[in-house]
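Everything below concerns the one structure shown next.
We did not get these values from a lab; they are worked out from the coordinates using the rules stated. None of these values were measured; they are calculated from a predicted model. All Cβ positions, even for glycine, are placed from backbone atoms using ideal geometry, and neighbour counts span all protein chains on display.
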Amino acid sequence: MGSRPPDDRFLQLRKEFQSDPKSVQQRSAEELTTFLLPDIEEAQARLKRRTTAREAFAGRRPIPPPDPALSRFWDPARGLLRPRSIQQVQQLIDFARNRGSKVRVLGSQHSVEHGILGRSSLDFDLLLDGELRKIERLDSRTADGFELVRVGAGCFLGPNPSDPSQRAEDTLTHWLEARGLAVPLLGGITHQTIAGFIQTGSDGGSLTHSFSDAVEELELVDGTGEVRTFRRGTDEFAAAGVSMGLFGVLTRVTLKVGTSYFVEGEEGHQELTGSLLAPGTRGDALIAALQKQEYLRLNWYPQRHVQRVTQWTGRQVARNPNAREPYKAQLRDDFTNVMAALVLSIVNGILVQDPNSDLNQRFIGALMKPFLPLGAPQRFHDAWHLTLPMDNPVRTDDILKVLFTELWFPLDKTDEVLGILRGVLEDQRAAGNLAVELYAGKPSPFWLSPAHEGGSLRVDPYRWAHDAGRPEDHFEHYWRGLLDVEGVRFHWGKYLPELDRKYGQTLFNLDYLRSVYPRMDDWLALRQKLDPQGLFLNEYWEKLFLSAPVPRRQIPVPTSKGRKLLGHWARAVSQTCLTLLDKLYGVAVRE
Ligand SMILES: Cc1cc2nc3c(=O)[nH]c(=O)nc-3n(C[C@H](O)[C@H](O)[C@H](O)COP(=O)(O)OP(=O)(O)OC[C@H]3O[C@@H](n4cnc5c(N)ncnc54)[C@H](O)[C@@H]3O)c2cc1C
């Protein structure tokens, strides 16, 4: 194999792999790494210089598939596979089973990244398109008079600023509104796909309404390639609804939808002392408000010299297009977004330097308070899809990208939770430079929904994605304080506590999940039945849900030593690929 210039090595190896995969696979890791060494060293040096491991993972692009049967699905711009029909999903699953690849589906990628994609460049990352984004009106109604619509699982809930490949009018909310229809609830943004939203148990803030109320039927292709349809009321439906892509590729969702409505409400900033969260106020006041208001969200800014709360409340009213009063988000234009980002960055810098200096804290107060002016609340009265997702105008995909961990508590723990939270937020590093969101979750039929079998108080600390340090270290303040509260569960799309770590008296692991999700074992058993090969289990979920990992059965190297060697090889190729893509197209590694 001699001394070719470094860039040729990977291309040569790929060519060889294309014509005779075995000849490459049979080579030892030593042979391969020695051959690729110049490229690997260069790649490693560049990675070290330019990115953290986390960033490298976020910017990684899989190797284009060597097989012509796969390459017709390949989207070179996104570096993933793009099936357009159920049959194409089946073909890909079949192919993955034979090849020993994992299959992961991504929606809009708003969840924690490790929970979405495969980890190795051999794995298949799918983005649903074509038929799998279409919406059809069905010719039948439910017994309680709702219309039924069938939605491709890859359909966006609303326009997705990071992916303009679906026209606004074809997205779920716009499509429904144009036909005088609506769903009962949406989250704070609508950039997500319907599958991504449902699969993580996402929902808006309400004890009265839930997005899951609208879900009637789920269709998926399981790990054996079989198409399955699960109807509301069955165990399979309850298990598959919230399953993080681990039961199969969700292809279509049937929704029951009601008549379009307006939401009328108010949003205003208050001093903490005059709010539902005022020191000394018992949790009952918050519970009563959550029960009384159809929609309620509180954003608590706990910085020592800020201490303000933004309260957003709303209720459904009849549609009246002649009396629209649009909701005006505080951060609705680019200028305000950039200003906010600037403040976040300054405050983060101050907190890193000395969070406890009173001078620093007063400075933080002076910087942040102008964004939270007191005074009469703004009133709004507009269509459901323009009011419920109140954060849509905010640049949450880039300059104001936010990371979260979200803890869901049984409602009767509200008083205890507020007491602990007040203590946690005394520490100004925990208070950070943003807010803690408090809202509610209506009981859900899905076994792994954090609101399964009971209304919840949701506590959602925000962290600006561009803050210095590890998000986990920031969220740890909350996990340490709150994991001992009985019955606490987590939003699956947001940061989870670190596996096998103790927070307070509580060890976070599968046994812990079993203790808070009564149907955990049934869920695991059904998962295993639908995905016997562990096709959908990426490393993140495998570690969490399985004590004994599922072997990759189809890989032609059955021993653990063989798997290790193959792992070395895959990593070497993947790293070299990163370098080459970066060199050729400047796409592989983000600065
Ligand atoms: C700014 C912002 C605001 C948010 N607001 C809220 C909120 O108000 N309420 C709330 O509850 N959450 C909220 N979230 C969380 C968000 O709703 C979840 O992370 C949701 O899962 C994102 O959907 P997605 O389309 O981006 O899916 P992704 O993040 O891409 O995927 C989520 C999971 O679904 C799986 N998946 C996706 N498509 C399929 C498919 N077709 N078949 C099988 N599995 C699939 C993925 O593999 C992954 O496990 C917010 C997140 C952000 C960034």
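How would you order 275-281, 154-160 from highest to lowest mean count of nearby Cβ atoms within 10 Å?
154-160, 275-281
Would you please give the FRET efficiency between residue 19 and residue 75, computed as 1/(1 + (r/R0)^6) with r the Cβ-Cβ distance and R0 = 25 Å, to the nearest 0.05?
Computed FRET efficiency for residue 19 and residue 75 comes out at 0.55.
Going highest first, how would you order 490-498, 351-359, 99-107 by mean Cβ packing within 10 Å?
Ranking, from highest mean packing down: 99-107, 490-498, 351-359.
Work out how much length residue 333 to residue 281 would gain on full extension: take 0.36 nm times their residue separation and subtract the Cα-Cα distance, in nm to one decimal.
Separation in residues times 0.36 nm, less the Cα-Cα distance, equals 15.1 nm.
What translational D, rounded to a whole number of µm²/s, comes out for segment 290-440 from Stokes-Einstein when the hydrodynamic radius is the Kirkwood one over Cα pairs, at 25 °C and 0.890 mPa s?
The estimated diffusion coefficient comes to 142 µm²/s.
Long-range amide H contacts for residue 155: which residues qualify at under 5 Å (H placed 1.01 Å from N, peptide plane, sequence gap of 5 or more or a different chain)?
194, 195
Working out 0.36 nm times the residue gap between residue 358 and residue 168, then minus their Cα-Cα distance, what length gain in nm do you get to one decimal?
Taking residue 358 through residue 168 to full extension adds about 63.6 nm, to one decimal.
Per-residue counts of other Cβ atoms within 10 Å, averaged by peptide: what ranking do you get for 468-480, 139-151, highest first?
Taking the mean over residues of other Cβ atoms within 10 Å, the ranking is 468-480, 139-151.
Find the eigenvalues of the gyration tensor of the Cα atoms of segment 216-267, then list the square roots of 5 times those eigenvalues as equivalent ellipsoid semi-axes, largest first, in whole angstrom.
30, 13, 10
Express in nm, to one decimal, how much length is gained between residue 320 and residue 528 on full extension, taking 0.36 nm for each residue of separation and deducting their alpha carbon distance.
The span from residue 320 to residue 528 would gain 69.9 nm if fully extended.
Pairs of alpha-carbon atoms within less than 8 angstrom and 6+ residues apart define the contacts here; what relative contact order does segment 345-460 have, in percent?
It comes to 27 percent, rounded to a whole number.
Rounded to a whole number, what is D in µm²/s for segment 76-131 from Stokes-Einstein with the Kirkwood radius over alpha-carbon pairs (20 °C, 1.002 mPa s)?
It comes out at roughly 183 µm²/s.
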